[in-house]
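Below is one structure, written out as structure tokens; comments come after it.
All of the numbers you see were taken from the coordinates with simple rules; none came from a lab. Not measured: the values here are computed from a predicted model. Cβ: placed from backbone, ideal geometry, glycine included. Neighbour counts: every protein chain shown.
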Amino acid sequence: MDTANGEIPSVLVVDDEEGIREGSERILKRMGCRVLTASNGELGTDMISREPVGLVLLDLKMPGMDGMEVLQWIRDHHPQILVIVITGFATVETAIEAMKQGAYDFISKPFEPDQLRIVVARALEKLRLTREAEKLAWERAMTLADLGREKSRTRTIIESLPNGVVVTNAEGQVVLTNPAFLAELNHPPERPAGGMIHEYVTDEGFCKLVMDISQGCHIDFEDIQPYEFSISENRYLMAHAKPVLGERNECLGAVVNLTNVTTWKVLERLKSEFVAQVTHELRSPLATIHEQLALVLKDVMEQAPQKDRHLISRAQEKTRGLISTIGDLLDLSRIESGNVGKEMKPVRIETLLNAIVDFLGTRAQTKGQTLTLETPPDRLPELTADPKALESIFGNLIANAINYTPEGGRIEVRVEATGSGIRVSVKDSGFGIEAKYLDKIFESFYRVKTEKTRFITGTGLGLPIVKGLLDSLGGKIFVESEPNQGSTFTVLLPLKQTACEPVTV
Ligand code: ADP
């Protein structure tokens with residue numbers, strides 16, 4: 001009997017009296033039952049073996065295999081079948097005995113149709129309830145099995161990921177790791193979860209990031225910066241971390257994906273070394289060509305026809321552009337190798353900015369622009385920093401403001417103290433930048449070309465240099481801009497800057 005699929009089982013009447021068999025069949029069919037009949041015990045058991053029977057009406061007194069034997073056989077082979085014994089007046093005691101042997105109910109002969117209906121209806125109801133309970137249990141078992149399967153599937157996938165995965169709870173305790181994570185951090189593959197994150201990773205910055213995220217400090221920030229760290233010389237990992245949020249947006253912990261970026265770093269270094277070498281080799285001959293051309297062309301220019309003069313000055317402009325690209329590339333290489341920003345000195349930022357504004361003021365004047373520096377009435381705290389790095393940062397930002405602002409525009413440089421450092425903003429009333437380009441302008445060689453800016457020469461390396469220097473100094477840069485209204489580049493500097501680390505720009 002398959003109770004799980006809800007099929008209604010048949011009722012079998014086993015009785016040697018034909019009248020009882022036929023009468024019962026009629027009544028049961030009217031009750032909507034599928035009915036089978038058998039005239040003796042052997043035929044009855046045979047039928048049960050072949051058909052899905054749920055209920056048996058069983059005469060106790062039959063020639064051959066009697067009712068008690070059939071009952072016993074049913075209990076042994078099909079214990080789920082309900083048996084109602086049919087007894088004569090004289091055998092009530094046998095009926096009681098049959099009940100003890102596991103019959104569900106009994107009915108005495110002769111019986112009225114209603115009596116049979118009541119007993120059978122009760123048994124069918126019992127069958128229905130049993131079937132429902134079995135169905136529920138079956139469904140529950142299936143759900144649990146599915147869940148188990150799903151869980152182990154997810155687990156298998158996490159285990160097979162080539163990237164390291166570690167998950168912590170809200171206390172910063174490790175609750176899940178995968179083999180790639182353990183391997184990357186030189187732990188044995190069988191090392192269990194359970195300890196605090198710093199027991200698995202020694203890098204302080206990494207542990208602080210994971211603890212902050214685990215404790216919910218980053219729930220409102222979409223953008224948690226990837227964190228790069230090295231676990232030994234020549235082995236670098238990049239961590240992308242995110243909070244694990246619950247249904248009510250509460251922080252349950254952190255999940256971190258670790259990628260081994262050693263090969264990428266090596267390639268980057270090779271690329272930088274190559275660029276540095278090539279640019280270095282190119283710089284001197286190019287500068288010589290430029291200077292010698294300038295000398296020769298000084299005389300030639302005066303006699304040359306107008307169209308040739310135009311060509312010659314274009315050529316000169318291009319060599320100047322190349323020299324400036326080479327200079328910027330060399331600066332970038334120096335930043336990448338950590339050879340810039342090492343000479344830490346006390347710096348008065350007002351004095352440094354004043355010198356830059358003075359120097360670039362002439363360029364602004366030729367474009368009819370006003371370039372001003374606003375400093376607070378009180379003396380600003382002194383910075384400990386590399387002045388060359390700061391000159392490069394603010395020189396680039398102010399030069400850009402002049403370049404990308406039309407004639408007659410305004411450039412305002414403002415410096416003020418914040419709680420823990422200095423804020424410098426460079427605001428212009430220039431061409432501005434569309435929002436979609438704001439992230440891109442910090443990438444090497446990226447230049448936004450619009451109708452208004454396409455004729456302005458540049459290398460696309462100024463902002464990557466600025467960003468690279470700030471990254472290595474522990475500073476930050478933000479940009480706000482509105483096309484045709486102007487841009488504001490804001491720099492935040494910590495009071496005490498660390499000596500520059502090599503960074504990837
Ligand atoms: P470059 O100025 O040599 O092109 P940068 O890296 O300094 O390279 O700047 C990248 C791009 O960002 C520029 O080409 C320009 O499109 C845009 N940009 C930078 N500063 C400004 C600014 N103050 N106003 C408008 N656009 C700017």
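The table for this structure:
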item	result
Rounded to 10°, Cα long-axis angle of helix 113-160 versus longest principal axis of the chain	30 degrees
Trypsin sites (Lys or Arg not before Pro) within the range 247-309: DSSP coil, no more than 13 neighbouring Cβ in 10 Å	R248
Distance from the range 56-112 to the range 354-369 (C-alpha centre basis), Å	113 Å
For L353, net neighbour charge (Lys/Arg +1, Asp/Glu -1) across residues whose Cβ lies under 13 Å away	-3
Residue (of F431, Q101, L380) at the positive-pole extreme of the chain, dipole from beta-carbon charges	F431
Anchor K242: aspartates and glutamates whose Cα lies under 17 Å away (excluding residues fewer than 8 positions away in-chain)	E171, D212, D220, E222, D223, E228, E250
Test item: Cα-centred dipole of the chain, Lys/Arg +1 and Asp/Glu -1 on Cβ, debye	2140 debye
Cα gyration tensor shape for the range 265-336, rounded if a/c is under 1.5, else prolate or oblate	prolate
Cα-centred dipole magnitude for the range 356-478, charges only on beta-carbon of K, R (+1) and D, E (-1), debye, nearest 20	420 debye
Residue exposure sequence - T154, T37 - by fewest surrounding Cβ within 10 Å	T154, T37
Cα gyration tensor category, rounded, prolate or oblate, for the range 312-376 with a/c compared to 1.5	oblate
Positive-pole candidate from V56, L136, Q115, dipole of the range 34-138, charges at beta carbon	L136
Sparse-neighbour loop sites [GluC sites (Glu not before Pro); the range 309-404; at most 14 other C-beta within 10 Å; DSSP]	E343, E382
Amide H within-cut-off set for E228, under 5 Å, with H built and near neighbours excluded	A239
W264, W73 arranged by Cβ crowding within 10 Å, fewest neighbours leading	W264, W73
Per principal axis, descending, Cα span of the chain in whole Å	141, 54, 47
Dipole axis of the chain (+1 Lys, Arg; -1 Asp, Glu on Cβ), positive-most option in L492, G23, A389	A389
Cα convex hull of the range 103-227, projected area averaged across orientations, nm²	14.6 nm²
Cα long-axis angle, helix 349-366 against the chain (0 to 90 degrees, to the nearest 10)	70 degrees
Given charges at beta-carbon only (K, R positive; D, E negative), |dipole| of the range 95-200 in Debye	440 debye
Sparse-neighbourhood loop sites, chymotrypsin sites (Phe, Trp or Tyr not before Pro) in the range 432-462 - DSSP loop, at most 10 other Cβ within 10 angstrom	F455
Helix axis angle, 41-50 relative to the chain longest principal axis, alpha carbon, degrees	20 degrees
Semi-axes of the equivalent ellipsoid for the range 345-494, Cα gyration tensor, largest first, Å	24, 18, 13
